[in-house]
Amino acid sequence: MIDGKEPAAWKAGDVYTEIEYELIDQVGIITIDRPEARNALTFTTYDELSDAVAHTTARCLVITGRDPAFCSGDDVKQVMVAAGDELSSSDRTPRLTPAAGVLLRTDVPVIAAVNGAAVGWGMELALMADIRVASERARFGELFVKRGLCCDVAGLARLVELVGREHAAELLFTGRIIDADEALRLRLVSRVVPHEQLLASATELAATIAANPPLAVQALKRGLREALDPEWDELGRWVSSTLTELFRTADHREGVQAFLEKRPANFTGH
């Protein structure tokens with residue numbers, strides 16, 4: 001159970017509909033499988049991703065997306081409006097989101113194989129991994145400010161760990177999208193490889209990790225959390241409370257409408 005919510009209980013023989021999960025020689029490969037929507041996340045995608053991570057028997061996980069994108073964040077039409085309604089509810093208790101809780105607390109090492117755009121919560125997903133391997137086609141962007149919102153917990157804590165406060169501030173405040181080469185220069189990713197070699201490179205690294213003693217690897221991951229991570233529940237409550245306020249703003253509504261209408265937004269500070 002993560003953050004008071006049990007992950008969706010898929011039974012043996014059930015089939016995921018928006019992700020694909022494979023277990024190959026102790027390496028689990030999770031592929032977000034909504035290419036027609038650039039792997040934008042719906043509530044179903046979040047539940048399936050959380051379930052696959054929470055219940056995996058793999059020694060190492062690789063998370064990627066079906067080409068052409070890694071993950072373009074929340075599906076604006078299906079998730080963002082509904083999420084705004086939920087977060088704006090007066091009886092909602094601020095908390096760390098369940099998907100973030102599962103990803104940040106698993107003892108299984110996670111490698112993000114970033115094959116294309118990783119923007120919005122797609123960048124958060126990449127940041128929640130322990131290691132990021134990028135295709136030359138990868139793109140990264142913390143686009144939340146463009147929707148009048150703040151990012152999730154990883155964009156505040158993990159991004160600063162990787163690139164430093166100044167670079168993190170620039171990426172968060174501007175919503176600028178960077179390419180794979182700049183991500184490597186900023187140390188956001190560990191390596192950049194040719195697109196056709198991405199999954200092989202990531203799974204080879206995962207297999208190397210999986211071949212090591214699993215209890216020792218899991219202990220090392222717990223140790224990294226103890227040494228480097230903030231108190232996720234506390235930060236999650238802050239993010240949730242802040243989003244509750246921001247979802248109510250005219251600027252957020254304008255950011256979403258401008259995106260849907262494919263036009264520049266006009267923000268007024270209200």
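The values are calculated or read from the model by the stated rules, or taken from the named source; none is laboratory data. None of these values were measured; they are calculated from a predicted model. Positions of Cβ are backbone-derived with ideal geometry, glycine not excepted, and every protein chain shown enters the neighbour counts.
Being among the β-branched types (Val, Ile, Thr), surrounded by 17 or more Cβ atoms within 10 Å (Cβ to Cβ) and within 17 Å of the chain's Cα centre (by Cα), is that true of even one residue in segment 251-262?
no
In the set Leu228, Leu188, which member is surrounded by 13 or more Cβ atoms within 10 Å (Cβ to Cβ), within 30 Å of Arg59 (Cα to Cα) and either modelled with pLDDT of 95 or more or in contact with a Pro (Cβ under 8 Å, 6 or more places away or on another chain) (or both)?
Exactly one of Leu228, Leu188 is surrounded by 13 or more Cβ atoms within 10 Å (Cβ to Cβ), within 30 Å of Arg59 (Cα to Cα) and either modelled with pLDDT of 95 or more or in contact with a Pro (Cβ under 8 Å, 6 or more places away or on another chain) (or both), namely Leu188.
Is it the case that some residue within segment 160-169 is farther than 26 Å from Phe259 by Cα, assigned to a helix (DSSP H, G or I) and in contact (Cβ under 8 Å) with a residue 60 or more places away in the chain?
The answer is yes, given that some residue of segment 160-169 is farther than 26 Å from Phe259 by Cα, assigned to a helix (DSSP H, G or I) and in contact (Cβ under 8 Å) with a residue 60 or more places away in the chain.
Could you figure out which of (1) at pLDDT 95 or above; (2) part of a helix (DSSP H, G or I); (3) exposed (fewer than 15 other Cβ atoms within 10 Å of the Cβ) isn't true of Ala183?
Unmet for Ala183, out of (1) at pLDDT 95 or above; (2) part of a helix (DSSP H, G or I); (3) exposed (fewer than 15 other Cβ atoms within 10 Å of the Cβ): (3).
Quick test for you: out of Arg132, Arg158, Arg147, Arg105, pick the one residue that is more than 29 Å from Pro213 (Cβ to Cβ) and basic (Lys, Arg).
Arg147
Could you please give the count of residues in segment 17-43 that are within 21 Å of Ala117 (Cβ to Cβ) and part of a loop (DSSP other than H, G, I, E, B)?
Summing the residues that are within 21 Å of Ala117 (Cβ to Cβ) and part of a loop (DSSP other than H, G, I, E, B) in segment 17-43 gives 7.
Kindly indicate the residue of segment 89-144 that is modelled with pLDDT of 95 or more and surrounded by fewer than 20 Cβ atoms within 10 Å (Cβ to Cβ) and also nearest to Arg187 (Cα to Cα) among those meeting that condition.
Across segment 89-144, the extreme among qualifying residues is Ile131.
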